[in-house]
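Input: a single structure, listed below in structure tokens.
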Amino acid sequence: MTSPVNPSVVGSAVLYLALVTAIGIWAAGRTKSAKDFFIAGQKIGWIVTAFATMSAAFSGFVFMGGPGLMYRVGVASLFICIPVGFTSGFLCWVVGKRLRLLAGLREIYTVSDVILVRYGSRRASGLAAVAVIIGTIGYLGAQIQALGILIEMVFGTGALLGQWSLPAAMILGCAVVVFYATAGGMVAGVYTDLIQGVLMVVAAVAVFVYCLQSGGGLEAMSRSIIASDAFGPSHLDPFGTLSVMTAVGFFFVFAVGLLGQPHMLHKFFMLSDPRTLKWMPLVIGLTQSACVLIWLGIGLTVPALVAQGRMTALVNPDQAAPQFLLSCTPPILAGLVFAGVLAAIMSTADSFLNIGSAAIVRDLPKAFGRRVSNEFLWGRVAVVGIAVFAAVFAFLYKDLIALVGTFAFGTFAAALAPAVAIGLNWRRVTATAATASMATGMVVNLGLEFLSKQTFLDWLPSVSLKAGVLPAAVSLSASFTVLLFLTWLSPARSQSPLDPDVDFVMDL
Amino acid sequence: MAQRYALLFLGLASPAMLVCSWFPGFVAELCFVLLVMAFPAALIALAVTRNGKLGPLWVPLVALTLILEGCGVAMLLLRGHVLEGPWFGGFPVGTAVQIYGLWLGPLLLVALAYGWTFSRWELREEDLRRFDARRNRSKGDAEG
């Protein structure tokens, strides 16, 4: 999209980029060991951890993609984000406490470490690392791509640099994230996440209030949408234009699948004191819900303005948020939101850089029974390597990376959620069942998603499920089924004894 | 006992959801909605059970299940009735159920229930004492 350069937007973006760079410089002095680099020295307070969890969970999709999706399919799109009403408590109850306690007793920096300690199986742990690496490349590539597009839009580099505009914008955005992620590791990651989280909440609430005013209130907007030919009553039907299986499938994947998202689970390892888990769900739930207001606000206002004839119908629904912000909101608000979107993208990207580097320098070598001698140094090198690889991959294979990015959440969910969530709460789960469940989740999800959507390799068969059924929901159910039934079918004598620390933590 | 029921539910619900995915029609959709909405509560029950009991968490867990199940079924029944039903909070009733019920309904219930029961059930003083003692022992072993 080419748009006129807005000085407020440019100013906010420059200020924001300078701020996160400064945090990177400050954090570099506080990052002295692998523990500092990967889990911020396990010294982070609960409010910072809560904001870091929230901002890492929400990528730019909530701010830009969500309103566009709502413009396209109506309020049914909200099934992706409304699980935030209960998922913060759900996450803390099901896995949060045990992850934090385990990390207090053992050297645990990653989800693969948890799998290794829980199941005592290098194969299971290695498989978890592979799932993390695949998902990381997809997520990170998509974030870098989005970062490039946003920087290009904000700074108007398209007119100046032509075909080199997008790669230049991607390099600029990537350089800032890589700088603070390399220099300050997770210390920089969580403190930038705190700033980013505050910015996201303020921007989302401010835009929501502005939307209510400009659209004439919720009821006026709803009635305009229902009465319009372009949208009609189905736009405000809870299931909208989606099938029940799709909408409720989204709810299932984005609620239960959260238990397998490494960038969220990882935050529990950093918490300084397990006692402070107490009010974390309240802060995470309220801040996530505040961020979702932007999805609801713009997603409702843009169709209402189009229905009222105050805005032209969008050719590309994905332009709902940028077009509304650039043409309908005061420049200062647009600046705040664009900084908020940059924050959302970068906070997710830095989490994945750290997790991906840990998977490469810790988890994979451990799966082969080896240990990298200087994890701190090689962790930094790996951050740069992953960023370069994901950026080049995202630039060369734009469509492929977008596709991988969209099903990364489902891959994590199906591969990791059952093994982590059931495994930490039921002693009987065996390493074989966990390994089979992870393999099932990964293969079924990647297979179904890729074969149903890919257009790159003509010779591959196309597989499609019943209309509306989500591959991620199928793979997550299949992964739970395999884990539970293989565990039940395993004779009691085949179970190896639990690690004493794991046994102790599961008893609490 | 609660853990056993939770596992039984999860074990039956997971393949049942796969079966629902293959069949068209209202019954399959209704079953899918009922199973999906009860799934989170079953996982919570599995995690928080102590000595077979849910303790003070049984009230918020039952309330969460009822809210999710009630909203899911209500939305299913209200599908296609946007023009006919009453309005609530600026939306047709089906959308209001989705936004105020399914999203905002559990928000304070779950977060406050977690905070209020935390020291009594989730992580008690006695648990923390045991945890600190074990951690100190592990540190001592590592240093020794």
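The values are calculated or read from the model by the stated rules, or taken from the named source; none is laboratory data. Computed from a predicted model, the values in this text were never measured in an experiment. Using ideal geometry, Cβ is built from the backbone for each residue, glycine included, and neighbour counts are taken over all protein chains shown. Ligands, DNA and RNA are stripped out before the accessible areas are found, and what is left, the full protein with its side chains, is counted by its heavy atoms. Shrake-Rupley method; radii C 1.70, N 1.55, O 1.52, S 1.80 Å.
Values computed for the structure shown
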{"read-out": "Reciprocal of mean inverse Cα separation for the range A:232-388 (Kirkwood radius, Å)", "value": "19.7 Å"}
{"read-out": "Pairs of alpha carbons in the range A:418-481 whose separation is greater than 13 Å (percent)", "value": "65 percent"}
{"read-out": "Theoretical FRET efficiency, 1/(1+(r/R0)^6), r = Cβ-Cβ of B:Ala133 and B:Asn51, R0 25 Å, to 0.05", "value": "0.75"}
{"read-out": "Inter-probe distance in nm under a simple model that places probes 7 Å from Cα toward Cβ, at A:Arg370 and A:Leu172", "value": "4.1 nm"}
{"read-out": "Efficiency of FRET from Cβ geometry, B:Trp87 and A:Leu465, R₀ 51 Å, rounded to 0.05", "value": "0.90"}
{"read-out": "Rounded tilt (10° steps) of A:280-307 against the dominant C-alpha axis of chain A", "value": "30 degrees"}
{"read-out": "Kirkwood-Stokes translational diffusion coefficient of the range A:451-500, alpha-carbon pairs, 20 °C, 1.002 mPa s, µm²/s", "value": "149 µm²/s"}
{"read-out": "Evaluated at q = 0.16 Å⁻¹: base-10 log I(q)/I(0), Debye formula over Cα of the range A:132-247", "value": "-1.03"}
{"read-out": "With every protein chain in place, the range B:2-143: carbon and sulfur % of accessible area (1.4 Å)", "value": "67 percent"}
{"read-out": "Whole-number Å³ per residue for the convex hull built on Cα positions in the range A:1-107", "value": "159 Å³"}
{"read-out": "Estimated inter-spin distance, A:Val202 and A:Gln495, nm [label 7 Å along Cα→Cβ]", "value": "5.2 nm"}
{"read-out": "Helix runs (DSSP H) in chain B reaching 15 Å along axis by Cα, Kyte-Doolittle at least -0.5", "value": "B:2-22, B:26-48, B:58-78, B:105-117"}
{"read-out": "Per-residue HN-Hα couplings for the range A:203-209 [Karplus 6.51, -1.76, 1.60; θ = phi - 60°; Hz; x = Gly/Pro]", "value": "4, 5, 5, 4, 5, 4, 4"}
{"read-out": "Inter-chain shielding of B:6-13 (mean C-beta neighbours from other protein chains, 10 Å cut-off)", "value": "4"}
{"read-out": "Accessible surface of chain A [probe 1.4 Å, protein heavy atoms]: carbon and sulfur percent", "value": "67 percent"}
{"read-out": "Percent of Cα pairs exceeding the 42 Å cut-off, where the set is the protein assembly as shown", "value": "20 percent"}
{"read-out": "Order of exposure, largest accessible area first, which applies to A:Tyr139, B:Tyr100 with probe 1.4 Å", "value": "B:Tyr100, A:Tyr139"}
{"read-out": "Principal-axis tilt of helix A:471-489 within chain A, Cα atoms, nearest 10 degrees", "value": "20 degrees"}
{"read-out": "Compactness of the range A:15-171, expressed as Rg and Dmax over alpha-carbon positions, Å", "value": "19.4, 56"}
{"read-out": "Chain A: calculated mean residue ellipticity at 222 nm from DSSP helix runs of at least 4, using -39500 (n - 2.57)", "value": "-23000 deg cm²/dmol"}
{"read-out": "Normalised contact order of the range A:1-125, rounded percent, pairs of Cα under 8 Å and 6 or more residues apart", "value": "12 percent"}
{"read-out": "Angstrom value of the Kirkwood radius, inverse mean 1/r, which spans all Cα pairs in the range B:2-143", "value": "17.8 Å"}
{"read-out": "Relative contact order %, the range B:17-144, counting alpha carbon pairs below 8 Å whose residues are six or more apart", "value": "20 percent"}
{"read-out": "Rounded to whole Hz, the Karplus (6.51, -1.76, 1.60) HN-Hα couplings of the range A:89-105, x for glycine and proline", "value": "x, 4, 5, 5, 5, 6, 10, x, 4, 5, 4, 5, 5, 4, 5, x, 9"}
{"read-out": "Listing of the range B:24-54 residues, each with accessible area lower by at least 20 Å² in the full protein assembly than in the chain alone (probe 1.4 Å)", "value": "B:Glu29, B:Phe32, B:Val33, B:Val36, B:Met37, B:Phe39, B:Pro40, B:Leu43, B:Ile44, B:Leu46, B:Ala47, B:Arg50"}
{"read-out": "Relative contact order of chain A, pairs being alpha-carbon contacts under 8 Å that are 6 or more residues apart, as %", "value": "31 percent"}
{"read-out": "Delta accessible area of at least 20 Å² on complex formation, residues of the range A:224-248, 1.4 Å probe, chain isolated as reference", "value": "A:Ile226, A:Pro233, A:Leu236, A:Asp237, A:Pro238, A:Phe239, A:Val244, A:Met245, A:Val248"}
{"read-out": "Surface per residue (accessible, 1.4 Å probe) for the protein assembly as shown, Å²", "value": "36 Å²"}
{"read-out": "Separation of the B:Asp141 and A:Ser8 label points, Cα + 7 Å toward Cβ, nm", "value": "6.0 nm"}
{"read-out": "Vicinal HN-Hα couplings computed from phi for the range A:347-360 (Karplus, 6.51 cos²θ - 1.76 cosθ + 1.60; Hz; Gly/Pro x)", "value": "5, 5, 4, 5, 4, 6, 4, 5, 5, x, 5, 5, 5, 7"}
{"read-out": "Accessible area that becomes buried as B packs against A, both chains, 1.4 Å probe, Å², nearest 100", "value": "6500 Å²"}
